[in-house]
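Read through the structure below, which is laid out as structure tokens, and then see the notes.
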Amino acid sequence: MSSVVAQGVAAGRGWSIRTAVWAIVFVVAAAAPLLTPNAFHLHLAVLVCLNVIIVSGLALISRTGQLSFGHGAFVAIGAYAAVLLGTKAGWPFWLAAIAAVLCAALVALALGWVILRLRGVYFVLVTFAFAELVRLVLLEWPGVTGGANGISGIAPASLFGYAFDTKERFYVLALVVAASCIGMLYRISRTPAGHAFDAICENAALAEASGLNVHRLQVKAYVIGSGVAGLGGVLLAHYVGFVSPESFNTALSVAVIVMLVIGGRESVWGPLVGAVLLTPLPELFRGAVQTQHIFYGIALILILRLLPGGLVQLPSAVSRLWKRAVP
């Protein structure tokens, strides 16, 4: 009995040490952009945080076995709803942001209730068509959305009189929201609803036979994930200060999917890993514009071949190789 207790205490200490180490690494990595004298590096850090938020929403949808090809549409809905409510209706940022998230979630509820009975390529095609429909509506409604010219001069985000009008201030805001999204994914993964999501992803028919309401749970994940995407759109619009329909084209949805798949769609940390690694890549390949998609394709093929679960599997894969190499 005493040996079991001792092992439990040792395991608890090991877990505490590991948690403390990762916490220190996270704090140092999060603080690094604030300490750099290069404003462009800080800009990339803000974009990483915004991508973490958007990809987190798709990760939640993916936990139920569906991979939306129209995730960028909800980013656009959130962005335009917040901007229009703020500029035309004069709503404060926080109220416009809440309304925009609810707007994205309600659209997802109406759409998801209909299309989430589809499976595989049919679901992908419908979400792709929906994304294009949203883009065309924004493009052909110039009296409200500004059409192809978009909306410029968007005021910085502000909360209770405090304006996030510098890159440093906005980075702190985006970092807090991104960390909250990762925390939300972690919390959901530990709840009965999260286990139900995983069961549906593993085998929807078996989950249905076990008494789970697969359709309702998928709609729930779709609504929450799309609302999170809308929140990412709100922050993106107020950071860039400009929105247009082309800001939310198919390339955005594809980029979000690639980040999730390369990071690891089955892991809580997948959105973080994917966003951290892939957000700066366009800048690294800026000198090879004509061939950067080839590099992306090669990287994606190699990762999916060697690490089917994404880059979050890399530490465990290295550990297994090390154990094989060192007897």
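The values are calculated or read from the model by the stated rules, or taken from the named source; none is laboratory data. The structure presented is a predicted model; accordingly, all values stated were derived computationally and were not measured. All Cβ positions, even for glycine, are placed from backbone atoms using ideal geometry, and neighbour counts span all protein chains on display. Ligands, DNA and RNA are stripped out before the accessible areas are found, and what is left, the full protein with its side chains, is counted by its heavy atoms. Shrake-Rupley method; radii C 1.70, N 1.55, O 1.52, S 1.80 Å.
For residue 266, no residue has an amide H sitting under 5 Å from its own, ignoring neighbours fewer than 5 places away on the same chain, with H placed 1.01 Å from N. Mean separation of Cα pairs under 8 Å and 6 or more residues apart, divided by the residue count, gives the chain a relative contact order of 30 percent.
Residues 94, 141, ordered by accessible area of protein heavy atoms at a 1.4 angstrom probe radius and largest first, appear as 141, 94.
Averaged per residue, region 44-162 has 43 square angstrom of accessible surface, using a 1.4 angstrom probe with ligands and nucleic acids left out. The three principal axes of the Cα atoms in region 138-226 give end-to-end lengths of 53, 36, 20 Å, sorted in falling order. When all protein chains stay in place and ligands, DNA and RNA are ignored, the 1.4 Å accessible-area order of 195, 71, largest first, is 195, 71. Each eigenvalue of the Cα gyration tensor of the chain, multiplied by 5 and square-rooted, gives one semi-axis; in descending order these are 33, 25, 21 Å.
From the square roots a ≥ b ≥ c of the eigenvalues of the alpha-carbon gyration tensor of region 13-105, which class results: rounded (a/c under 1.5), prolate (a/b over b/c), or oblate? Since a/c reaches 1.5 but b/c is at least a/b, the shape of region 13-105 is classed as oblate.
Couplings 3J(HN,Hα) for region 101-117, derived from phi with the Karplus relation 6.51 cos²θ - 1.76 cosθ + 1.60 (θ = phi - 60°), are 5, 5, 4, 4, 5, 5, 4, 5, 5, 5, 6, x, 4, 8, 8, 6, 7 Hz, where x marks Gly and Pro. Computed over Cα pairs, the Kirkwood radius of region 189-303 leads via Stokes-Einstein (1.306 mPa s, 10 °C) to a diffusion coefficient of 95 µm² per second.
On full extension, the segment bounded by residue 301 and residue 176 gains 41.7 nm, given 0.36 nm per residue less the C-alpha separation. A 1.4 Å probe run over region 177-295, with the rest of the protein chains in place, finds 46 Å² accessible per residue. Rolling a 1.4 angstrom probe over the chain with all protein chains present gives an accessible area of which 70% lies on carbon and sulfur atoms.
Could you sort 216-225, 166-175, 153-162, 247-256 so that the peptide with the highest average Cβ count within 10 Å comes first and the rest follow in order?
216-225, 247-256, 166-175, 153-162
Ranked by the mean number of other Cβ atoms within 10 Å per residue, highest first, peptides 51-63, 196-208 order as 51-63, 196-208.
R0 = 22 Å: FRET efficiency of residue 35 with residue 155, Cβ-based, nearest 0.05?
About 0.20, to the nearest 0.05.
Only Cα sites of region 89-204 enter the Debye sum here, all with the same form factor; the resulting log10 I(q)/I(0) across q = 0.14 1/Å is -0.97, listed in q order.
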